[in-house]
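The values are calculated or read from the model by the stated rules, or taken from the named source; none is laboratory data. The shown structure was predicted, so the numbers you read here are calculated from the model rather than taken from an experiment. Cβ placement follows ideal geometry from the backbone for every residue including glycine, while neighbour counts extend to all protein chains displayed. SASA here: full protein model, heavy atoms, side chains in, ligands and nucleic acids out. Shrake-Rupley method; radii C 1.70, N 1.55, O 1.52, S 1.80 Å.
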Amino acid sequence: MPTLSIFGAQWGDEGKGKIIDLLAREADLVVRYQGGPNAGHTVVVGGEKFILRLIPSGILHVGKVNVIGNGVAIDPVALFGEIGELIARGVNVDPRCLRISAGAHVIFEHHRRIDALAERWRGAGRIGTTGRGIGPCYADKAARTGLRVADLVEPARLRTRLTAVLVEKNALIESVHKEAPFDIERTLAQVGEVAVRLAPFVADTGAEVRAAYKQGKSILFEGAQGAMLDIDHGTYPYVTSSNTGMAGIGTGAGFPPNKVERVLGIAKAYCTRVGEGPFPSEDKGKDGDTIREVGREFGSVTGRPRRCGWLDLVALRYALDLNGATGLILTNLDVLSVFPEIPVCVAYDVPGVRGAVSEYPAYLPALDDVRPRYERHAGWKTDISHVRRYADLPRAAREYVEWVEERIGVPIEMLSVGPERDAVIPRR
Ligand code: GDP
């Protein structure tokens, strides 16, 4: 396997976890490069469900090196919670199979607290964050007041830097939010404890990944969230706090993106979105509810019901183009089996613009007001979750897949028809 990037080509929750887990079999290294512990990939192995938040999906395979790159926001408490859960379920997690970048920024309790307080402050104008402190952690990174893993594992440095940060955060918490400040000594003691546990995993991961590449090892870059949630290219401000696709690999893994040979977008055969923000092909009616029930569209970490709607080819083409995708994997095709007719959004009607718009209007302030134009496709109305060969799919399902493929301009390399590892239909 060459170097391979897998990214979400919609608003996240595309089923990346399962596909990454499947393709990780052929990889030597699996690398995460952005996002924080809100990612929540779901992988089902032998009927057992694993939810991975920070640790790369390669951990479920023996003998892989799993890397958490410098672009990931690491919450040590969440990390050790996850490690503990995995070990309890018989998965090996040691410093040979898990490497954590010394350059990754750390999420502290004050980030989580400020996340919640800021949302409260915003009231009706809230962003809909997951409240895990990820945004505030990235904000501190940009403001150059963040602490990195390297700071954590050096006690004297940790004391000086964290104290300075907490004094500033306490001023904000007390004067703006009128809440009790953090006890600095107590916080230092707590953080010091986690730091000791973290130390054995810490490495210069960028150097390790580049060296592995030069040795001819195969590397899989695991994207979290999705292209439409990219902080620069997504539906700002209703986005995540990092670059979610190819752009994130250079900054967040310390690996040159031009060495990534294969780039696979993952998209569901319909669309979902969590939280606020524009979602042109959302179906707020009965069909949306049906998708949510059949596809079990509830957040894997938060349990929040996801907003559901139809496949949006305008947004999907944009996401694939933006990331230089060489192919697409279409997941959850089985969920569409209940519908006699399947609408697909092929263009938008944009207020003030004459004619249909088929290019994604990334900077439109009123993206909320665009109206989808649908083409309707015949459904197949039969269970396809047991199908493993493309030729065995009902004709209407094959026609649907080929029809989508023609409109996105890259090959659909694989279909996914169920949560299990083996519920896939290869096409190439
Ligand atoms: P990720 O963050 O992109 O990995 O996506 P999530 O894990 O949040 O959501 C994917 C959900 O869909 C999980 O519950 C998976 O087990 C499930 N899933 C993945 N692929 C398929 C599929 O092809 N069909 C169905 N029905 N469920 C799937």
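Please list, by residue number, every one of the chymotrypsin sites (Phe, Trp or Tyr not before Pro) in region 353-428 that is coil in DSSP and has at most 16 other beta-carbon atoms within 10 Å.
Y363
Over 20 Å between Cα atoms: which of K141/K259; K49/K284; K214/K259; K217/K259; K16/K268; K16/K259 fall into that group?
Check vs 20 Å cut-off fails for K141/K259; K49/K284; K16/K259.
Does anyone have the angle between helix 109-122 and the longest principal axis of the chain? Alpha-carbon axes, 0 to 90°, nearest 10?
60
Sorted by average packing, counted as other Cβ atoms within 10 angstrom per residue and highest first, what order do 225-238, 163-176, 271-284 take?
Final packing ranking: 225-238, 271-284, 163-176.
Starting at the first residue of region 261-275, write each ³J(HN,Hα) from the Karplus equation 6.51 cos²θ - 1.76 cosθ + 1.60 with θ = phi - 60°, in whole Hz, x for Gly and Pro.
8, 10, 10, 10, x, 10, 9, 6, 6, 9, 10, 9, 8, 10, x
With angles folded into 0 to 90 degrees, how steeply does helix 76-88 sit against the dominant principal axis of the chain? Use alpha carbons for both and round to 10.
Once rounded, one gets 70 degrees.
Any chance you could check the Cα centroid distance between region 116-131 and region 258-291 for me, in angstrom?
Computed from Cα coordinates, the inter-centre distance equals 23 Å.
Under 19 Å Cα-Cα from K178, which lysines qualify once same-chain neighbours fewer than 8 residues away are excluded?
Within the straight-line limit of under 19 Å, K178 reaches these lysines: K169.
So who's got an amide H within less than 5 Å of the one on D283, skipping anything under 5 residues away but keeping other chains? H placed 1.01 Å off N, in plane.
The answer is C308, G309, W310.
For region 1-81, which trypsin sites (Lys or Arg not before Pro) are in a loop by DSSP, counting at most 13 other Cβ atoms within 10 Å?
Qualifying residues, ordered by number: R25.
Compute the helix-to-body angle for 184-198: its Cα long axis versus the longest principal axis of the chain, expressed 0 to 90° and rounded to tens.
Taking the Cα atoms of the chain, the angle to 184-198 is about 60 degrees.
Cut-off 10 angstrom, C-alpha nodes, Gaussian network model of the chain. Which of A102, A396, A253 fluctuates the most?
A396
Quick one: what are the phi-derived ³J(HN,Hα) couplings along region 226-238, Karplus 6.51/-1.76/1.60 with θ = phi - 60°, whole Hz, x for glycine and proline?
Going residue by residue, I get x, 4, 6, 10, 4, 5, 8, 10, x, 8, 3, x, 8 Hz, with x marking Gly and Pro.
What residues qualify as long-range amide H neighbours of E179, i.e. H under 5 Å apart, gap of 5 or more or another chain, H built at 1.01 Å from N?
E174
Would you work out which of L117, G135, V167 lies farthest towards the positive end of the dipole of region 100-169? Charges go on Cβ: Lys and Arg +1, Asp and Glu -1.
So the residue we want is L117.
Ignoring ligands, DNA and RNA, what percent of the 1.4 Å accessible area of region 267-426 is carbon and sulfur?
Exposed carbon and sulfur together represent 48 percent of the surface.
Select from L86, S358, H41 the residue farthest towards the positive end of the dipole of the chain; place +1 on Cβ of Lys and Arg, -1 on Cβ of Asp and Glu, and compute about the Cα centre.
After comparing all options, I get L86.
Could you work out the relative contact order of the chain? I mean the mean sequence separation of Cα pairs under 8 Å and 6+ apart, divided by the number of residues, in percent.
Result for the chain is 20 percent.
So what is the relative contact order of region 116-250, in percent, for Cα pairs below 8 Å that sit 6 or more residues apart?
Relative contact order, region 116-250: 19 percent.
Have a look at G418, G46, G128 and tell me which one the Gaussian network model of the chain (Cα, springs below 10 Å) gives the largest fluctuation.
G46
Using the heavy atoms of the protein chains and a 1.4 angstrom probe, tell me the accessible area per residue for region 89-136 in square angstrom.
Dividing the accessible area of region 89-136 by its residue count gives 44 Å².
Return the single residue from P136, P200, P37 with maximal mean-square fluctuation; model: Gaussian network over the chain, springs between Cα atoms under 10 Å.
Result for the chain, Cα springs under 10 Å: P200 fluctuates most.
Ordered by residue, what ³J(HN,Hα) values in Hz, to whole numbers, does region 321-327 give under the Karplus form 6.51 cos²θ - 1.76 cosθ + 1.60, where θ = phi - 60° and Gly and Pro are x?
Whole-Hz 3J(HN,Hα) from phi for region 321-327: 5, 4, 9, x, 4, 9, x.
For a quick check: with amide H placed at 1.01 Å from N, whose amide H comes under 5 Å from V45's, ignoring anything fewer than 5 positions away on the same chain?
Residues meeting the amide H criterion: F50.
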